[in-house]
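Take a look at the structure below.
The values are calculated or read from the model by the stated rules, or taken from the named source; none is laboratory data. Since this is a predicted model, take the numbers as computed values, not measurements. Glycine gets a Cβ as well: all are built from the backbone with ideal geometry, and neighbour counts include every protein chain shown. When the accessible area is computed, the model is the full protein with side chains, heavy atoms only, and any ligands, DNA or RNA have been set aside. Shrake-Rupley method; radii C 1.70, N 1.55, O 1.52, S 1.80 Å.
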Amino acid sequence: MNKKVHHEGDGLPLFRQIYLRFRDSIKEGRLKPGDRVPSIRALASELHLAQGTVEAAYQLLISEGYLVTRGPAGTVVSPQIKSAPLKPLPIKSEAPQQSLIHTGETPQPLQMGLPALDAFPTKLWNRLAYRALRHSPIDGLIYPDARGHVSLRNAVAGYLGVSRGISCSPGQVFIVAGYRACLDLICRSLLHSGDSCWVEDPGYFATHHFLREAGANLVSVPVDNEGMIVQSGIQRGSDARFAVVTPTHQSPLCVPMSMPRRQSLLAWAHHQQSWIIEDDYDSEYRYLGRPLPALKSLDTYDRVLYCGTFSKVLLPSLRLAYLVVPENLVSRFAQIADTMHSHCPQLWQVTTANFINEGHFARHLKKMRDLYSTRRGLLVDALTSVLGSRLSIDHQVGGMHLVTRLAEGKDDRAIIAKAKSAGLSVHALTNWYLDAPSESGLLLGFTNVKDREQALFLATKLGQTIEN
Ligand SMILES: Cc1ncc(COP(=O)(O)O)c(C=O)c1O
């Protein structure tokens with residue numbers, strides 16, 4: 001028997017210590033009724049104990065009704081046992097509590113920000129993933145490159161050149177686990193605590209939360225129908241070190257940033273030597289005319305840090321996004337990425353690279369653009385016929401949700417609470433403001449509205465929550 005184990009006990013015989021570990025795990029809900037426990041032989045070998053010690057502990061647990069034996073199916077936690085629900089993890093500090101954005105719950109109808117889950121080419125994807133698994137060379141077995149897999153960095157650089165007008169080398173591309181991981185890498189590489197940072201108002205709350213947590217001083221800059229009002233930013237804090245913008249489809253208003261605004265933002269950043277973080281999260285979805293080139297494509301002074309994500313064009317569960325940094329920052333970012341070493345699974349990186357390189361991505365995007373255009377039309381028609389003038393819909397050329405306005409006096413926060421009880425997942429526009437909200441409205445995802453009947457059903461349900 002291993003002497004080391006002996007000395008680590010708290011004076012109790014070893015079989016008793018094992019008994020207590022299992023008993024407490026069962027009582028506290030970490031082991032649930034029906035869960036299988038390791039065989040006596042496997043556990044004895046893992047813990048370097050004699051089999052008789054483990055057997056004595058199991059016998060005691062069985063005699064007290066915690067475990068039952070199931071013959072060849074092994075030993076399991078008794079299905080009759082009552083376990084306590086798991087205790088929630090302690091909450092860090094006295095930070096103000098805000099409700100969690102992502103809880104892994106199945107989304108309700110009208111949820112914004114999700115791609116069409118029924119239209120994802122699952123069979124093809126699984127085939128590519130299986131192929132990547134089978135052909136995994138040595139680099140699939142060792143510590144991966146912290147900057148991302150070379151195949152995906154190449155594929156992203158190629159895609160951005162053709163589709164977004166961005167000329168960059170694969171060396172400038174970093175693959176990270178979602179947009180917030182882009183922000184994380186940027187903040188760890190460039191942000192000093194207390195740096196001022198322009199953010200759009202209204203704007204994406206995850207950006208606001210992240211930057212605040214990272215120690216930035218947020219300067220809210222209002223948005224109109226040409227995007228961020230750069231002049232207001234200059235008045236409120238001309239010396240900011242960062243500006244975060246969503247120039248293709250402003251989040252959440254979906255308006256594109258006008259060319260004069262783009263130019264004045266770039267000129268300000270050049271003059272101030274500040275950084276622009278371009279969040280180009282769903283630029284692929286424009287239904288009228290050609291997609292607008294990225295702000296980064298106009299960045300002759302190299303002040304733009306460009307963020308893109310696969311969450312909207314493939315699946316959010318992949319947790320794959322990319323960041324393009326100016327050439328002169330590459331080694332700094334690489335150093336920090338290497339320190340963080342929080343990778344995206346190589347399997348999904350290689351599968352995504354193959355999906356792009358073999359032409360499936362371009363076909364998928366085209367298909368989704370057509371599908372979303374149809375689904376958007378279905379929801380617009382249904383809302384217009386059911387709600388008429390009680391809800392006005394912004395005219396917008398792209399995006400994945402509708403921006404709608406309520407009649408004066410209607411409280412969007414109260415409406416979304418009622419909508420939630422009715423099984424709808426609707427966002428209140430006022431929740432996206434940092435300063436005093438100027439307008440009340442509802443943000444409605446259309447990407448998963450499958451047909452006319454469903455659109456009418458949802459519009460009717462929504463109408464009832466607005467009226468009550
Ligand atoms: C404005 C905005 N930026 C970026 C993202 C992408 O985030 P992620 O890559 O973490 O899925 C989203 C997703 O909802 C978004 O709304």
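Results, tabulated for the structure shown:
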quantity	calculated
Amide H within-cut-off set for SER78, under 5 Å, with H built and near neighbours excluded	GLY34, LEU67, VAL68
Rounded to whole Hz, the Karplus (6.51, -1.76, 1.60) HN-Hα couplings of the stretch 153-169, x for glycine and proline	5, 5, 5, 5, 4, x, 4, 5, x, 7, 8, 10, x, 9, 9, 8, 8
Accessible area expressed per residue, the stretch 101-178, with surrounding protein chains retained (probe 1.4 Å, Å²)	55 Å²
Solvent-accessible area, 1.4 Å probe, carbon plus sulfur percent, for the chain	54 percent
Modelled FRET efficiency - R0 30 Å, LEU288 with GLU358, Cβ distances, 0.05 increments	0.55
Integer Hz, Karplus 6.51/-1.76/1.60 couplings in order for the stretch 233-245, x for Gly and Pro	x, 4, 5, 7, x, 5, 8, 4, 8, 9, 9, 9, 9
Dipole-positive endmost among SER421, ALA73, THR339 within the chain (Cβ charges, Cα centre)	ALA73
In order through the stretch 63-80: 3J(HN,Hα) via Karplus (6.51 cos²θ - 1.76 cosθ + 1.60), integer Hz, x for Gly, Pro	5, 8, x, 7, 10, 10, 8, 10, x, x, 6, x, 10, 10, 5, 4, x, 7
SER258-GLU28 pseudo-label distance in nm [points 7 Å out on the Cα-to-Cβ vector]	6.1 nm
Cα lying deepest toward the dipole's positive end in the stretch 177-218, options LEU211, GLY194, ALA181, charges on Cβ	ALA181
Interchain or long-range residues, amide H under 5 Å from VAL176's placed H	ALA321, TYR322, LEU323
Spin-label model distance (nm) - HIS48 vs THR122, 7 Å beyond Cα toward Cβ	4.7 nm
Length released on extending from ASP239 to ALA206, taking residue separation times 0.36 nm less the Cα-Cα span	9.5 nm
Amide H partners (placed H, <5 Å) of ASP201, local residues excluded	VAL221, VAL223
Given charges at beta-carbon only (K, R positive; D, E negative), |dipole| of the chain in Debye	1360 debye
Those aspartates and glutamates that a straight Cα-Cα span of less than 17 Å connects to LYS123, excepting residues fewer than 8 apart in one chain	GLU358
Solvent exposure of the stretch 362-457 as accessible area per residue, Å², 1.4 Å probe	47 Å²
Given LYS312/LYS367; LYS312/LYS410; LYS32/LYS82; LYS367/LYS450, the pairs whose alpha carbons are separated by over 20 Å	LYS312/LYS410
Tilt relative to the chain, helix 122-134 - C-alpha long axis, 0 to 90 degrees, to 10	60 degrees
Calculated Rg and Dmax of the chain using C-alpha coordinates, Å	26.9, 80
Accessible area per residue, Å², the stretch 299-349 with all protein chains present, probe 1.4 Å	40 Å²
Pairs of Cα atoms farther than 19 Å apart, the stretch 235-319, %	40 percent
